[in-house]
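S.K.: Sharing a structure, written as structure tokens. Questions coming.
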């Protein structure tokens, strides 16, 4: 029986926290004690037109959330709970929901449509609610159905199509659903609300209509109806129709050819003359086509089969009319688009699309864009100058360096001068264009760069000056400095160019980070990120003294954050962000200075102070910092080596906390990585902490809550621990090895059609091998016999992996290495197990002829170990 | 359910420095893990035992004889599990005795081995002093074949000088089999016995050479000499012993003075003492020293041999088992004041080696005296035979090439037979 719960639903929305909490508790108890009754009560609440909108709204939300959740495990539980409910309750709830579809309150019928679809998504595939589609369709075919019911019914049908697969229904039903939807969209539909609902329903049903799209006649008809809707009188219908076209661009790229002429007309008219909301969707159509063609181009392998859809060259064919259309949009900037987040206008969408077009067609775009740039870049109207600069910046990625070099070389000076333009939009876009130039045309490592010893000083003076400009301009300049520095990564002595300016760069970036005139923290984090890149790329022998001075400066800034007064959660968040940035800088400095013997002592001297700082940061307990400080500590442990031991007692608490952080899995992953760092730093001295660490790692592995990406690193970490503590790993074998065996069996069951899973499987395989390697090497001098019982399972796993055609090279390396470790540790004991294992010979043979020297070396070593195992008598 | 917001990243560079910091940490961790495991794998072999000395107690000894020689307590040097690392730290006489036994000694090529082109490598042997080079505890020592010290110097080999601070110094040492070439003061490495603590004894030639080539260059030992690296090390160009390879080794230009060719069986392990799996061969084109010289550097009219006196008066070669060239009667031995184990020099009368069924039956020898004091070993049978052949009917390069040619033919015909 349904209970009266209106008062609780209203109270649960009270501004008074006490009342709210009490109501939530009551509802929670009801739910706990009697889920079927609770859900029924909610559905009755939702269906009752006499009830207040607020309580009906909440009833709908709670009902929806009782059937679906984002997180897969939670969702699975909810589905099970629903399935377990008595059938009589379920049909009462469903009837109540179907009745609500006809409600005069749109919000209620809309929510009911969503909930109906959720239930259908559970029951239709199990054939437990076979009548639902028929019931809904009858709403559409009966001549006297009220408009509101038709609208909600179309919504429900659209959502159902989105939730289930067309294979869950018989083809006649699929056809009937689409017929109903298309009919609703047709020009003949008098009621525009119904037509809009039908157009949106089609959007949700596009995937579902796969078979119908495969049939030329049906496809022609669907496309005609969409194109007609794109010309409807109502803007919402036109917008919804273009949204359908955008979705079709990516879902059905390969069938678009015959319709492109028509679509081009529609989109270009919309861009030129329609309302912005419609025009934006029309531009998005072309951006989606670009995405598709880029995807095809990226996957085009010279000898691949026909698995890729054919490239129809839509962009290239439309180029000469498409580009002028896009250039026109660039002149339609908003007055304050650079200051405010959340703006998306025609100029932005057009420029973005132009950038994609340049990537698709390369050189061909240049002669179409340059006349526009030249004609507008010196105009008195800021819109023209900004549009010209934006156009130039947008085509830098795609065309060849040969084609762009002369243009960029000729234009660089102009750009540098334009940083003094009186209009801040122009400066913003100029700074962005400079950062693109440095990102794409500044490659000193390969000897190609627009930056030369002759113009370097001028560039830097302009950039450092630009850091003092409006916050949004300064932020773009940070990007330019980032890429300017990045070019010198791995570029050897050319980074000396930066040396004379380094002190200035550091101090100006720090001053920029401390600006208080910025509305958010973006400028600050951009400034620190640029600083990080400059530190990474500086020429260490020349600049060590300057970096030494940076270290205490950053440390004292971090110290100041610890004593910040925290009143609100907003303060807490700001403190966390600031600490994250500063810990990031410290990590980069630690890494830089510990990379050379000459400069490492500076880190070792400061290690005590740095460690105290980090521990204080942890004490502030903000999770973003946690992660950054953890990363930095890994770098510190690597630098200090065995001396890290003295921090372990304190740090261990934080480490264990990190290892238990399931929710923020990145934190957990980084903590696992740091365990590895510490193992290598402390070697056997990590032993006293291993019980705690291993307990957490084992718990992490068995958790279904923890993101799966953390699990492979945990196995690798077993190897690190075993290698560090040697035979003391004995006590963990009975827990760790079964986990490894279980995971290796899981590898065999991975779906090979799912690329992500294949990737994950490879990581898992590699990490399991690394775990075995560490244990075998750790046990080799005395406890090797402990691994004897597990050797056959491992050998089987290696064999399985060896025979896998999709095996990744890193997995091969790990497999070959662990085979050698097995032979090394078990010696002649291996003989009986491996006697007629041709796969070893085959695997080694494959590796010995590999072009990868590391792999070859490992294989040689393994061959040597197996040879030795076989040559020893006994 | 709602169409996605078409908003795309706008004027934002697509980078995340935080992601970059994560990635760099992950790379560092992966690299360090590789290094740690790699180290564990190399260290694996340091405690491996070398050839067991006690087993050879009944065999004749070849040690350098010195006037002040005292019998050492056997146990001191002949401990069963004698570890390379301990050996590397041996000093003085012990070291000489030990190292004198460790070199792998090629036999002389008296006939062409089967499958020369498929199973063997060939390279041009540098003229110079054969020696062991050992780097450990921050110093590098080279020892001649008789165990005597050649140089003590800093080198870029792992743990070969105080300056190259390898992180686990105590464990890390190297033993290389080299020829020191006087003219350019360079050590030419002809084999690798231990590298960075990893023993190569049980590894195939193929592996040793591969490791040698990749590791030696990596260590910086091939660079020009400097105060921390007194002598340069070089590897030899090793060819497959097929037609082209053999011609290249034989006639190709090298930076050193050639002294014959070395042939290595690809599948052989490094063994101390004589082995038929490494062979040396010479002719006048590729060596100035085809025929042995006497103590004055002259080629004697008659071939000379150094043999070892056994306790029953028999005269034996270095081989195991030894080949007996004759027998001295006890009167003669007494008259000479010789004792068991002494090395004695003889000349072979012209045409005076007598064979039966391919075995040496008897040799006409003339006693010349005791060989040079530095001499540690008797001649091997193959050496005597090669010298003998060189004076009478030498094995020529054409023979080697022809043998490769004919084995190629054979393979082709065998294939054809199988097809037929």
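S.K.: For region B:296-314, which residues satisfy the criterion of being over 20 Å from residue B:361 (Cβ atoms) and in contact (Cβ under 8 Å) with a residue 12 or more places away in the chain?
M.R.: Correct list: B:300, B:304, B:306, B:309, B:311.
S.K.: To continue, here is another question. Listed residues A:716, A:671; which is under 17 Å from residue B:35 (Cα atoms) and within 25 Å of the chain's Cα centre (by Cα)? Quick ask: steps written out before the conclusion?
M.R.: Details: A:671 fails: under 17 Å from residue B:35 (Cα atoms).
Going through A:716, A:671 in turn, the sole match is A:716.
S.K.: Of the residues B:223, B:204, which is modelled with pLDDT under 85 and surrounded by fewer than 23 Cβ atoms within 10 Å (Cβ to Cβ)?
M.R.: Working: B:223 fails: modelled with pLDDT under 85.
Among B:223, B:204, only B:204 is modelled with pLDDT under 85 and surrounded by fewer than 23 Cβ atoms within 10 Å (Cβ to Cβ).
S.K.: Criterion first (surrounded by fewer than 15 Cβ atoms within 10 Å (Cβ to Cβ) and closer than 14 Å to residue A:429 by Cβ) does residue A:392 satisfy it?
M.R.: no
S.K.: Determine which member of the set A:843, A:830, A:822 is away from chain B (no Cβ under 13 Å), assigned to a helix (DSSP H, G or I), closer than 20 Å to residue A:794 by Cβ and within 44 Å of the chain's Cα centre (by Cα).
M.R.: Working: A:830 fails: within 44 Å of the chain's Cα centre (by Cα); A:822 fails: away from chain B (no Cβ under 13 Å).
Step by step, each of A:843, A:830, A:822 is checked, and only A:843 is away from chain B (no Cβ under 13 Å), assigned to a helix (DSSP H, G or I), closer than 20 Å to residue A:794 by Cβ and within 44 Å of the chain's Cα centre (by Cα).
S.K.: Take the residues of region B:11-29 that are more than 19 Å from residue A:529 (Cα to Cα) and either modelled with pLDDT under 75 or facing chain A (nearest Cβ under 8 Å) (or both): which is surrounded by the fewest Cβ atoms within 10 Å (Cβ to Cβ)?
M.R.: The extreme case among them is B:28.
S.K.: A follow-up question, please. Residues that are away from every other protein chain (no Cβ under 14 Å), in contact (Cβ under 8 Å) with a residue 12 or more places away in the chain, assigned to a helix (DSSP H, G or I) and over 23 Å from residue B:23 (Cα atoms): does region A:582-593 have at least one?
M.R.: So far as region A:582-593 goes, no, none of its residues is away from every other protein chain (no Cβ under 14 Å), in contact (Cβ under 8 Å) with a residue 12 or more places away in the chain, assigned to a helix (DSSP H, G or I) and over 23 Å from residue B:23 (Cα atoms).
S.K.: Filter region B:269-290 for residues that are in a loop (DSSP other than H, G, I, E, B) and farther than 25 Å from residue A:861 by Cα and give the result.
M.R.: Passing the criteria: B:282, B:283, B:284, B:285, B:286, B:287, B:288, B:289, B:290.
S.K.: Report yes if residue A:317 is farther than 20 Å from residue A:396 by Cβ and either in contact (Cβ under 8 Å) with a residue 40 or more places away in the chain or away from every other protein chain (no Cβ under 11 Å) (or both), otherwise no.
M.R.: yes
S.K.: Take residue A:201 and decide whether it is under 23 Å from residue A:146 (Cα atoms), crowded, with 18+ Cβ neighbours inside 10 Å and touching a helix residue (DSSP H, G or I) at 6+ places or on another chain (Cβ under 9 Å).
M.R.: Yes; evaluated as a whole, the condition is true for this residue.
S.K.: On to the next question. Could you look through region A:1-15, keep only residues that are modelled with pLDDT of 90 or more and exposed (fewer than 12 other Cβ atoms within 10 Å of the Cβ), and pick out the one that is nearest to residue A:61 (Cα to Cα)?
M.R.: Only one residue fits best here, namely A:7.
S.K.: Now for a separate question. Scan region A:142-153 for residues that are in a helix (DSSP H, G or I) and more than 14 Å from residue A:198 (Cα to Cα) and report the count.
M.R.: 0
S.K.: From (1) within 14 Å of chain B (Cβ to nearest Cβ); (2) surrounded by fewer than 18 Cβ atoms within 10 Å (Cβ to Cβ); (3) within 19 Å of residue A:586 (Cα to Cα), pick out the condition that doesn't hold for residue A:490.
M.R.: Result: residue A:490 fails condition (3) only.
S.K.: Quick one: how many residues across region A:612-660 are at positive phi and modelled with pLDDT under 90? Steps first, answer last, please.
M.R.: First, pick out the residues of region A:612-660 that are at positive phi: A:621, A:641.
Narrowing the set further to residues that are modelled with pLDDT under 90 leaves A:621.
So the answer is 1.
S.K.: Checking residue B:224 against (1) in contact with a strand residue (DSSP E or B) (Cβ under 8 Å, 6 or more places away or on another chain); (2) more than 22 Å from residue B:261 (Cα to Cα); (3) within 14 Å of another protein chain (Cβ to nearest Cβ), which test does it fail?
M.R.: Every condition holds for residue B:224 apart from (3).
S.K.: If you don't mind, another one. Looking for something away from every other protein chain (no Cβ under 12 Å) and either modelled with pLDDT of 90 or more or in a helix (DSSP H, G or I) (or both) - is there at least one such residue anywhere in region A:770-778?
M.R.: The answer is no, given that none of the residues of region A:770-778 is away from every other protein chain (no Cβ under 12 Å) and either modelled with pLDDT of 90 or more or in a helix (DSSP H, G or I) (or both).
S.K.: Taking residue A:221, is it within 14 Å of chain B (Cβ to nearest Cβ), in a helix (DSSP H, G or I) and farther than 14 Å from residue A:278 by Cβ?
M.R.: So residue A:221 fails the test.
S.K.: Of the residues in region B:236-263, how many are assigned to a strand (DSSP E or B) and surrounded by fewer than 20 Cβ atoms within 10 Å (Cβ to Cβ)? Step through it out loud before you land on a result.
M.R.: Taking region B:236-263 as the starting set, the residues that turn out to be assigned to a strand (DSSP E or B) are B:239-240, B:258-263.
Among the residues that remain, those that are also surrounded by fewer than 20 Cβ atoms within 10 Å (Cβ to Cβ) are: B:240.
Looking only at that region, the number is 1.
S.K.: Could you please find all residues in region A:514-544 being away from every other protein chain (no Cβ under 14 Å) and assigned to a helix (DSSP H, G or I)?
M.R.: Selection gives A:540, A:541, A:542, A:543, A:544.
S.K.: While we're on this one: Return a yes/no flag: does region B:180-200 have any residue that is at pLDDT below 85 and surrounded by fewer than 21 Cβ atoms within 10 Å (Cβ to Cβ).
M.R.: No, region B:180-200 contains no residue that is at pLDDT below 85 and surrounded by fewer than 21 Cβ atoms within 10 Å (Cβ to Cβ).
S.K.: Next up: Filter region A:710-749 down to residues that are more than 26 Å from residue A:780 (Cβ to Cβ) and surrounded by 18 or more Cβ atoms within 10 Å (Cβ to Cβ) and give me whichever is nearest to the other protein chains (Cβ to nearest Cβ).
M.R.: Checked region A:710-749; the qualifying residue nearest to the other protein chains (Cβ to nearest Cβ) is A:710.
S.K.: Let me ask something else about it. Sort out for me the helices (runs of 4 or more DSSP H) sitting completely within region A:2-72 that have 2 or more residues that are closer than 24 Å to residue A:90 by Cα and touching a residue at least 40 places away in the same chain (Cβ under 8 Å).
M.R.: Correct list: A:6-11, A:35-47, A:53-65.
S.K.: Here's something else I'd like to know. Of (1) in a helix (DSSP H, G or I); (2) within 14 Å of another protein chain (Cβ to nearest Cβ); (3) touching a residue at least 60 places away in the same chain (Cβ under 8 Å), residue A:293 satisfies all except one. Which?
M.R.: (2)
S.K.: Please work out which one of (1) closer than 30 Å to residue A:641 by Cα; (2) modelled with pLDDT of 80 or more; (3) under 17 Å from the mean Cα position of the chain (by Cα); (4) within 14 Å of chain A (Cβ to nearest Cβ) is the condition residue B:214 fails and give its number.
M.R.: (3)
S.K.: A further question follows. For residue A:440, indicate whether it is in a helix (DSSP H, G or I), surrounded by 14 or more Cβ atoms within 10 Å (Cβ to Cβ) and in contact with a helix residue (DSSP H, G or I) (Cβ under 7 Å, 6 or more places away or on another chain).
M.R.: Here the answer is no, as residue A:440 does not meet what is asked.
S.K.: Among the listed residues A:462, A:451, identify the single one that is touching a strand residue (DSSP E or B) at 6+ places or on another chain (Cβ under 8 Å) and within 20 Å of residue A:486 (Cβ to Cβ).
M.R.: Within the list A:462, A:451, the selection yields A:451.
S.K.: Any residue at all in region A:121-134 that is part of a helix (DSSP H, G or I) and within 14 Å of another protein chain (Cβ to nearest Cβ)? Let's see the steps before the verdict.
M.R.: So the first thing to find is which residues in region A:121-134 are part of a helix (DSSP H, G or I), and the list is A:121-123, A:132-134.
Now restrict to residues that are within 14 Å of another protein chain (Cβ to nearest Cβ): A:121.
The answer is yes; a qualifying residue exists.
S.K.: Let me ask something additional. If residue A:646 satisfies every condition in (1) farther than 15 Å from residue A:774 by Cα; (2) within 14 Å of chain B (Cβ to nearest Cβ) but one, which is the exception?
M.R.: (2)
The values are calculated or read from the model by the stated rules, or taken from the named source; none is laboratory data. Keep in mind the model is a prediction, meaning the values are calculated, not measured. All Cβ positions, even for glycine, are placed from backbone atoms using ideal geometry, and neighbour counts span all protein chains on display.
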